[in-house]
Amino acid sequence: LFYALGKDQVLPRQIGVINQSGSPGNAILLVLGLSVLIPFLGRTPIGWIVDVTTIGATIIYGFVSVSAWKLAGLRGDTAVKRTGFAGFCIMLAFGVYLLVPNLISESSMARETYFLFIVWSVLGFLFFRNILHRDQSRRFGKSIIVWVALLALVLFIALIWMRQSMISSNRQMLAHIQTHYQDTAQITEARLEDEAFIESEMELLESANSRTILMATGMFLFSLAIMMTNYTYMNKRAKESELIANTDPLTGVKSKHAYLVKEKELNDEIGRGGEPCFAIAVCDVNGLKYVNDTYGHKAGDDYIRAAARMICELFQHSPVYRIGGDEFVVIMSGRDYENRKEIMSSLRGKSEEHIGTDLVVVAAGLAEYRKDDSVHAVFEKADALMYSHKQMLKEKGARAR
């Protein structure tokens, strides 16, 4: 885990280094250093730590199960979807068993365990705040649901800790009373009645405290459910607004606004010293003015949509943006970047085949990012190559406008 966090630059990068033996030596040394110190805390604190890590492991396995369940649903993998759901149910049952005292058996975790979990969670929030401050590429903190869920868990455990502290204080007070009677008086029937009465009153007090905590927990969970429902609705509405802003209404590809946002993200990454691997293809639809003037703007819209489909079919793994009336831009990365020459060759071949027909003809130019370039500089090079291809298509009989 330390090695993975170091590799992702959540922890210092040195922890994610592989040594000459092919092992994450620095991460192992970190584990060793922490483990050597723990036994000096004593047997009882180690028990608290083990209990806290048990809660943590339950949360992690539950989160992994939910992730598998969700991803399997997107892929249509029924088997993994079922096992993910089963894993979540099992971890939920374990979580309730661990966190709710005396639910099944009389034993429960020590109150110090609950307090340690709260302290550990608060330290985790502070650590994650530091990560967000250093996270220039904005990889983390995108889901407020996780924060709300963790905060709800901390508050719930705080209530349990309060309950356990009350019970412990009551039992301690009862022990003091019993000790006082033993030291100051002989055993008499009246004294036994007094002890029984005090003990019954203490049990009633514990029961009342438990009911109070239970009611407070119920009200908190009810309020949390309402808040989560409202957040889900607001988040859905915000995503719909964002989708409208980032989607071209005519073709369904990404809009010019989305392209400007992506351009800024890439420029920011380049400004921080990163070297993103990408290329830009500028595509221009030939003959749109002729179609509009001859057949009307509805036919022109159909022509633009056909051009968008043609571009998207070729660039299957890259975002396509419509930045003007008849101009599209593709930012290639990954598989499309690796096959960029073949894709461009296919695009140009199709356009030449469509000359003299009613099918779409698209002029295109491609430019790759080179070190110290800006995104606009790459775009300008691709745009110049597009105009060269446009002239070539015109010489072969394609309509220029």
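The values are calculated or read from the model by the stated rules, or taken from the named source; none is laboratory data. Every value quoted in this text rests on a predicted model; they were computed, and no experiment measured them. With ideal geometry, Cβ positions are generated from the backbone for all residues, glycine too; neighbour counts draw on all protein chains shown. When the accessible area is computed, the model is the full protein with side chains, heavy atoms only, and any ligands, DNA or RNA have been set aside. Shrake-Rupley method; radii C 1.70, N 1.55, O 1.52, S 1.80 Å.
Table for the structure above
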quantity: Rounded FRET efficiency, nearest 0.05, which uses the C-beta distance separating THR247 from MET173 and R0 of 56 Å; calculated: 0.25
quantity: Charge dipole of the chain about the Cα centre (unit charges at C-beta), most positive-ward option of VAL96, PHE197, GLY296; calculated: GLY296
quantity: With every protein chain in place, the chain: carbon and sulfur % of accessible area (1.4 Å); calculated: 62
quantity: In nm, spacing of pseudo-spin labels at ILE90 and LEU150 (7 Å Cα→C-beta vector); calculated: 2.6
quantity: Segment ARG399-GLU201, length gained on full extension (0.36 nm per residue, minus Cα span); calculated: 61.7 nm
quantity: Proximal lysines relative to LYS81, as straight alpha-carbon distance under 28 Å, when same-chain residues fewer than 8 apart are discounted; calculated: LYS70, LYS142, LYS236, LYS239
quantity: Accessible area expressed per residue, the chain, with surrounding protein chains retained (probe 1.4 Å, Å²); calculated: 63
quantity: Mean Cβ count within 10 Å, highest first, over the residues of peptides 332-340, 42-50; calculated: 332-340, 42-50
quantity: Length gained when the stretch LEU71-LEU359 is fully extended (0.36 nm per residue, less Cα-Cα span); calculated: 99.8 nm
quantity: Unit charges at the beta carbon, dipole of the chain: most positive-side option, GLY324, GLY356, ASN235; calculated: GLY356
quantity: Number of Lys pairs (Cα under 15 Å; 8 or more positions apart or on different chains) in the range 286-401; calculated: 9
quantity: Cα centre as origin, Lys/Arg/Asp/Glu Cβ charges: the chain dipole, Debye; calculated: 1520
quantity: Cα centre as origin, Lys/Arg/Asp/Glu Cβ charges: the range 219-343 dipole, Debye; calculated: 360
